[in-house]
Every structure is written in structure tokens, then in C-alpha cells.
Number of protein chains: 2
Amino acid sequence: MMIKMGNEKKLVEAITSMEVDFAQWYTDVVKKAELITYSSVKGCMIIKPAGYAIWELIQQQLDFMFKETGVENVYMPMFIPESLLNKEKDHVEGFAPEVAWVTHGGLNPLQERLCVRPTSETLFCDFYKNDIQSYRDLPKVYNQWCSVVRWEKETRPFLRSREFLWQEGHTAHATAEDAEERTIQMLNVYADFCENVLAIPVIKGRKTEKEKFAGAEATYTIEALMHDGKALQSGTSHNFGDGFAKAFEIQYTDKDNSLKYVHQTSWGMSTRIIGAIIMVHGDDSGLVLPPKVAPVQIMIIPIQQKKEGVLEKASELKRRLSSFRVKMDDTDKSPGWKFSEQEMRGIPIRIEIGPKDIELNKCVMVRRDTGEKIEVSLDQIEDKATELLAQIQKDMLDRAKKHVATHTYDAADYLEFEKTINEKPGFIKALWCGEQSCEEEIKEKTGATSRCMPFDQGLVSGKCVCCGKPAKKMVYWGRAY
Amino acid sequence: MMIKMGNEKKLVEAITSMEVDFAQWYTDVVKKAELITYSSVKGCMIIKPAGYAIWELIQQQLDFMFKETGVENVYMPMFIPESLLNKEKDHVEGFAPEVAWVTHGGLNPLQERLCVRPTSETLFCDFYKNDIQSYRDLPKVYNQWCSVVRWEKETRPFLRSREFLWQEGHTAHATAEDAEERTIQMLNVYADFCENVLAIPVIKGRKTEKEKFAGAEATYTIEALMHDGKALQSGTSHNFGDGFAKAFEIQYTDKDNSLKYVHQTSWGMSTRIIGAIIMVHGDDSGLVLPPKVAPVQIMIIPIQQKKEGVLEKASELKRRLSSFRVKMDDTDKSPGWKFSEQEMRGIPIRIEIGPKDIELNKCVMVRRDTGEKIEVSLDQIEDKATELLAQIQKDMLDRAKKHVATHTYDAADYLEFEKTINEKPGFIKALWCGEQSCEEEIKEKTGATSRCMPFDQGLVSGKCVCCGKPAKKMVYWGRAY
């Protein structure tokens, strides 16, 4: 009798090694860890339970951090009338080419077509225009969790898809200073979140004019470095000044009874960040999840589970560890299969417990990140699990920091830049004159883009890496997702 | 100097009394409690912070109850290709007339148009078709939280809008029995949630053939009674049998190696339920929120707050009550205004504290639901707040139950039915022969629809309230939202 073993079968086919083909490794992991699957809708993905549970943990923790800073959640319509999208010139130019258009409602054509939101600045502006009247109504610090649509031509799971999930914060302030302060505050929230929750170190900085958001006065970004040396923009925060306010006529009456335009910001982080978790921490056995966003933190795998007392003891451990996200795998698969699955899914700790362990009143805890096996007395499992999860979280950040440090290079001139980008993938720190033409030349010749002008500029003294003229800024460059 | 006082101004205009015009009262409350506002997108609403915070509390608690029964969350694309929507005949007939169609992506027309999901049975089926292979893959108990679009002609905040937020669960099972069991299980989750969290009693039952969901074998519903005597369908759970499985070819290999169709269910609850909270509990001063879904449970209002020590003491109370959702209103509005606002927003408890109270080491707690004022020693505020919130939650359910009991009528024949529906709005329990023609006749003549055939049928003996032929079912009838 042949029964197809759904889960076991797929693990027989090993995933591609990262060193052989990083892109294929990524696709293999995303599918075999069952994070997503493709749908019948071209360019849109289905986020499966193992993937969505990571997003839920991201949402919970990021939302908590938002609310600590006074953010309130709202929900705006998913449609934007064409006339509304068209109100801010730079913004519409940036987004119109990649939106999906609704032209019919039921059986009838619409009088005005509606785009499915690619981002909601225009909707928030239209709302604030009526909702803000007095200085007493400011600031407005609103956010929404939703999905957005951008009609991308080439798509990759999490990194670029036609529909993705995100949060978008949209704020309005009385002064330019207040808006700038909120813009930086939220960038810092993202950076803290990445470091402390996702164990991903980031470079904080400002985007160049060329790379900034359509309609923004300034765009700030956090940039992370993936295992393959490519950069990933992981969160952005925009200061709009009063540009949108003027386009949408959003004014308030100040204390002195004068009418003033508000100053606005927006900031977002998306499911793209799950791609960063995979590409920063993963290895050739699959996902490696930081404990704080691991849907399952501990997997208990009974050994020789048919022997008397084994399942009972394993269940007892599960009960005792119930303050963690813990599961037990008591299916009839072999322990080896169960180990592979737990590794593929990136579960931080595996607990092995069999008849011999029980006899000696111990179990074995195995770290997913290092493979280290630790014998633990059954009297101490709660304390040891707490300690180990904290240690894994810390070590993952330390390793990722080290990776950034050892993959960040200086380039004094163009030849060095070119040699570095081709031979040693990573961030390149190089000086820049500030001219867009140099930025474009570098991109065209090397495929590297300016990632950001880091807040930490150091002493900017020397020549532009491209044209040799006096430099104005130090820039992080890199090939990027 | 005239400064427009955003919040104060609106409360000057009293809301319409429920008895005078219930529909207008509803609209007034929804707007003045700042739950929603209208958007530039016809038929779509903007859910403001006070409204969205209620939805977040609903989500958290309902999602927790789901997960206790083994539900896993996922995310499906928001678009459905036309060919996919067309696969199940009854389903497409039910939904095609009211969907929004995307015809262009960016600057190009699409090869096949996509509808924005009105519900996602077809997407889940398309997914399950590939994801389910063996009996080991069953059951699948998936759910998603998302927005859906139905191109309604007439819309009302929360009750009927072109876009709304909801959860939709979609499950697949090995047998018909398993599917039926899950269908009823989720209906019970909804009913428990309404009673225990929202303080809304519901009638559980089965929809008639005429009223069931497009494509379902059986639809079960929970029906709530609003203050004005109209019914609101508050959650539904559908058993699809193997109808969708046959249309989408969703088969699994059973233990005996034979191929079998799965049996499916779906179940949903939406932001519509916020309309029920408003219309079951509200009064002429505004919202009355059950403590379990009140974004703010306690509002502390200092009296004569400029007097020495008042704000300090009020802040101290706030700190001591921080295990509740507590706020303090120390703006420069008058206490009277603050009371009105707290009442309008439905905050369950108001604490008044002024110089005289402090002198006597007490404060006054005022119940929003009854207006009762209770003097509480400052030494006991934590215990008293706990006790009072529990009491309010319980009393609100009891009052709502009493309202259902006193507004549920029996009708033995058509004349009694007609007289009752016109003079005493509420549920009418009346016998039915089971013929759709009678259902249609009643609807046409009285505006009442069959709400459900309650699980608790009692002894069905007598004549159909419409045609006088022998009855087969006892039915709850009513005019409905």
C-alpha cells in the first residue's frame, strides 16, 4: 500500500545550497518552509500559515511600539478616484504607471475609474482636509494595516509582488519641525524593531533626490545587508513638508487665528521584511527564525515514542513550557524527518527526549542557529529555555552585525569601487559630489545604487568616487533587491 | 478672538432622539462618537480611531477564540480571475452582479479581468485543489482577516458599505460529518462571542433555501434584535458539502487509497457587528459600549482641575488603574462638556474627582449604562472598578436579553402576523409550510423575511401562518437590516 506522505516527500529533495545559487536557495526555502505558495493570480502570492504567523508576530510587536509613541489605527477605503490620485503632480507620476484600475462596479461602467491603492497619501490628505480645522486638532498620528497593489512586471515572493501587506502611517503636524521630528522618530522605531526583534542590524540614513519617494521632500531609510551581500530597503519614513497640504488645501487655524498649512509625514514597513529575515539568517538547512518572531519557539521531538512513558514525559515537558510557543511532533514520521522539518521551518530550539534521557532525568536541547546540543536536567528546562532563547536572539544579532562589518568596504576611486562591487558583494562606502549624473553613471556601469547618505557621515573630505570633483556626502552604495 | 472648538461645537447640536427617528439617531451617533466619516469614494467609509479600536478588540478576542479551536490564519490575493469566479454556478450567479472589476494593470489592459474579492471561496478552493492530496492533509482550518468589496447601491455606515472588513474562515474536511460539525462549532463560537464579549444575545438557527448563501448546502445564522425591533444577521456559517470540491476538483487519497472529494465550510463576521453594538446598547446620549470591547473603559475627569492637588490626584488614580484601558481628560473644556463626550463615546465608567472628594478620600464612579453614581473610597478604586466593569457587562447582556424576550411575539395566523409586524416591531415566531411561495408572499406583503429556523424548534404542530396548510417548521421572522 503506497500512501503519499505529503510533508515527508518534499524534504527528500534537498534545497539548493546558498553558495551554488542564492536566488534558487531563497525560492526553495520560501516554498519548503511553507511560507507561501503561488496563486492563480499572476504576481500575487498566498501567504500560508507558517508565513502569516510570522507576519502576525511582526504586526503585534511593531503595533505595540507604534502605540507607545501615540499612533492611532484607522482604516481608509482601498480605492482612490483617479482625480484624487492626480492632485499631487510628483506623486501621480511616480505611481500611475503601476496601479490597477477598477472600471466597472457590478454590471455598469463607473463614471470615474478608481485605482486600487498603491499607497494612501491622497486618501489621508482628502480626509485630513476636512478633519483638521484648528491647532487643537494637531498632531494627527494615524496608521493603517492593509494590503496595497502595485502592478510590478517581475515578482518574487515577499520581495516584490503585485499585492503585499504593510502598514502605512500618515501624520499631520502644525510645524515643519514637528513633522521632521516624527519622521525621524518612526525611522528609529523601525531600526529598533529590526535590531531588537528581528535581529537585523540596519544602516539609517537619507535617500538621495533620485531615490526618494514620489512627492516627498525627504525620504529616510533603513538598509539591511543580506547574506549574499545585496542590500534590502527595509523601511522608509518620508517628510512631505507642506507639499501635499498645498495640493489638497489642508489648513488649520493657529492660536493667533491665522490660517496655516499642515506639515505631513508617512512611513511604512511591509511583508518584504520577511524576505530580509530569510536572507539575513537562513542557512542551507532552511529558515533560521529569531525567537521573538518564531511562531513556534520550541519543538519537542520524542525519540522511540512508542516506548512506555516517552510520550507522557514529552507531553509533560510541553505543558511545563507552555509560557513559550511550544509544539510537540508526535506524528508517525521518523525522528530524522522531524529534525529536518523543524530545521527547515527555522524553529529556534529542538528538544529531543527518549527512554535513555528519561532514565537520566535529562533531555537534549539543540540550537537551530548553531546546531549546538546541550544536555539539560529535566528540573531546569524552563530556566534553560528562557536563557537559550535570549542567547539565540542575541547571538543572531551579533552574527548579523559581524556580517555587515565584514562586508562593508571603502572605495576611494571608481576603479576600486568597480573591483569591490564585482568581487566582494556588500556595502560600499564612497564619497559623492551630489550630482545625479554620477549616481546614474555608477548605476549604469555597476548595477549599484545609492542606498543612503548615512546619518553618521564621519568627516566628508575628498573626491567623488565617480567624477573626482570635491565630495559633499558619504554614501552607502550596493546592489539591492 | 474666536477659536473654533472642534470637539465642543459638535456636541452643542444634540443628537436626534431614538424615538423620534431611529435611523437618524444611528447616523448621528456614528458620526458624533467619531466612529466613521464618509470618504470621497462613494459608498466606502473611513473608520476613525474610535471605531477602529473597537474592531481591534473584536479581532483580538474573536481570533483568540478561533485559534483555541485550531484555526490558522493565512492571506489570499484580493483579486479573483473571472474564470475562477465562474467555476461554481450558484456562487457566480449570487456574486457577479455586485463585484468591482479590475480591467487595467498600469497602462495596459489585462488579458482576463479580475474582480476584487466579494468573498474568497473560489480562491481557497483553487488553493486547496493543489494543497490537499492525502487524508493526512485534512482537515484544513484556515481563516483570513481582510477587506472585501460588494458594489451595493444603497449604503449605511457599518451595516452596508461597498468595502467592509471581516474575517472569512474556509475549511476542508474528509467527511460530510466533519464539515457539519465544524459549521456548527463556528456558529457556536460566534454566538458565545456575541453573548460573552458584546453582550448581545442571539437566536441560532438555519436559513431557509431562499435565504442561504450562494453555493451553500446549508447556511446557519445568528440573528440579533436591535433596539428598534429590527433584526440583524450577525454572523453566518455555511456547509458547502462537496459542491465546490466537485466544481474545483478537490480530491484526496483516503487511507484505503481511494480518491474522495473533500467537504467544505466557510464562516464570517464583519464590521457590521459594530452596527449591532450601537443599535442594541446605545441610547439618546450616544454609544454605550460593553466593557470588553470599549477602547477606553474608564475616563477620569478632574473637577476644578486648577485647584491645587486635583490633577496630581487624578493622575495618581490613572496610574493605579493602569491595568484597565483608562484615560484622563485634563483638557481645558468644562466638566459638563467632558461628561457629554465621555457619554457620547460610550465609555463604561466615568470617575469624577475634585477638591471635596479628595478631602473626603473618595471619588465618584458613574455608570454609563444606568447613570448610577457611586461614591467609592480612594482605597478601593481598583477592586471597585473591576467589580463595576463586570457588573456592567453582565447587566448589559441581561437588559438585551430582556429586550429580546419582550419583543418576540407569536403569530398563529396571517392577520395576527400582519398586525404584530406593523404595531409591535420585533421577532415573530410563526409556523411555516416550507414553501418558498409563502416566504415570498410574506415578504412582499409585510417587508418581513424569514430570519432563521431556530435550532430550538419546540413542538411544530399547526398551520402555516401564510397558506394555512400543515406546518413543517417554526420560523423567526422580522424586518431586518
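The values are calculated or read from the model by the stated rules, or taken from the named source; none is laboratory data. Treat the numbers as computed from the prediction; the structure is a model and nothing was measured. Cβ: placed from backbone, ideal geometry, glycine included. Neighbour counts: every protein chain shown.
Some notes on this structure:
- You will find that of B:K401, B:K424, B:K443, B:K429, the residue that is over 30 Å from B:Q304 (Cβ atoms) and without any contact (Cβ under 8 Å) to a residue 12 or more places away in the chain is B:K443 and no other.
- Single match in A:G51, A:G94 (criterion: on the phi < 0 side of the Ramachandran plot, out of contact with any Ser or Thr (no Cβ under 7 Å at 6 or more places or on another chain), surrounded by 18 or more Cβ atoms within 10 Å (Cβ to Cβ) and touching a residue at least 60 places away in the same chain (Cβ under 8 Å)): A:G51
- Scope the stretch A:279-301; condition of a type outside the set (D, E, K, R) and touching a His at 6+ places or on another chain (Cβ under 9 Å); matching residues: A:M279, A:V280, A:H281, A:G282, A:L287, A:V288, A:L289, A:P290
- Whichever residue in the stretch A:399-411 is surrounded by 14 or more Cβ atoms within 10 Å (Cβ to Cβ) and either at pLDDT below 95 or of a type in the set (V, I, T) (or both) and, among such residues, is farthest from A:D283 (Cα to Cα): A:T408
- Checked against (1) modelled with pLDDT of 95 or more; (2) not in a loop (DSSP other than H, G, I, E, B), B:P77 passes all but a single condition, namely (2).
- The number of residues in the stretch A:222-252 being surrounded by fewer than 19 Cβ atoms within 10 Å (Cβ to Cβ) and within 14 Å of chain B (Cβ to nearest Cβ) comes to 2.
- One residue alone among B:I58, B:I80, B:I54, B:I47 is β-branched (V, I, T) and at the interface with another protein chain (Cβ under 7 Å from one of its Cβ atoms), and that residue is B:I47.
- Test: residue in the stretch B:236-248 that is closer than 18 Å to B:L389 by Cα and in contact (Cβ under 8 Å) with a residue 12 or more places away in the chain: no
- Hey, B:M279 in contact with a Pro (Cβ under 9 Å, 6 or more places away or on another chain) and within 27 Å of B:D369 (Cβ to Cβ) or not: no
- Number of the condition not met by A:S315 [criteria: (1) in a loop (DSSP other than H, G, I, E, B); (2) under 29 Å from A:G51 (Cβ atoms); (3) more than 17 Å from the chain's Cα centre (by Cα)]: (1)
- Against the numbered list (1) touching a strand residue (DSSP E or B) at 6+ places or on another chain (Cβ under 9 Å); (2) surrounded by 16 or more Cβ atoms within 10 Å (Cβ to Cβ); (3) outside any strand (DSSP E or B); (4) at pLDDT 90 or above, B:K67 comes up short only at (2).
- Residues that are surrounded by fewer than 19 Cβ atoms within 10 Å (Cβ to Cβ) and assigned to a loop (DSSP other than H, G, I, E, B), drawn from the stretch B:412-432: B:A412, B:D413, B:K424
- Within the stretch B:138-161, being touching a strand residue (DSSP E or B) at 6+ places or on another chain (Cβ under 6 Å) and either basic (K, R) or not assigned by TED's automatic domain parsing to the domain that holds B:F95 (or both) holds for one residue alone: B:K140.
- Contact annotation: residue pairs with Cβ atoms under 8 Å, 6 or more positions apart or on different chains, pairing a residue in the stretch B:103-116 that is in a loop (DSSP other than H, G, I, E, B) with a partner that is among the acidic types (D, E), are B:G106/A:E98.
- The stretch B:122-143, residues that are at the interface with another protein chain (Cβ under 8 Å from one of its Cβ atoms) and assigned to a strand (DSSP E or B): B:S134, B:Y142
- Test: residue in the stretch A:86-96 that is charged (D, E, K, R), within 19 Å of A:W151 (Cα to Cα) and more than 9 Å from chain B (Cβ to nearest Cβ): yes
To keep it simple, each residue is scored yes or no on (1) surrounded by fewer than 22 Cβ atoms within 10 Å (Cβ to Cβ); (2) within 8 Å of chain B (Cβ to nearest Cβ).
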{"site": "A:T16", "(1), (2)": "yes, no"}
{"site": "A:V29", "(1), (2)": "no, no"}
{"site": "A:T103", "(1), (2)": "yes, yes"}
{"site": "A:V116", "(1), (2)": "no, yes"}
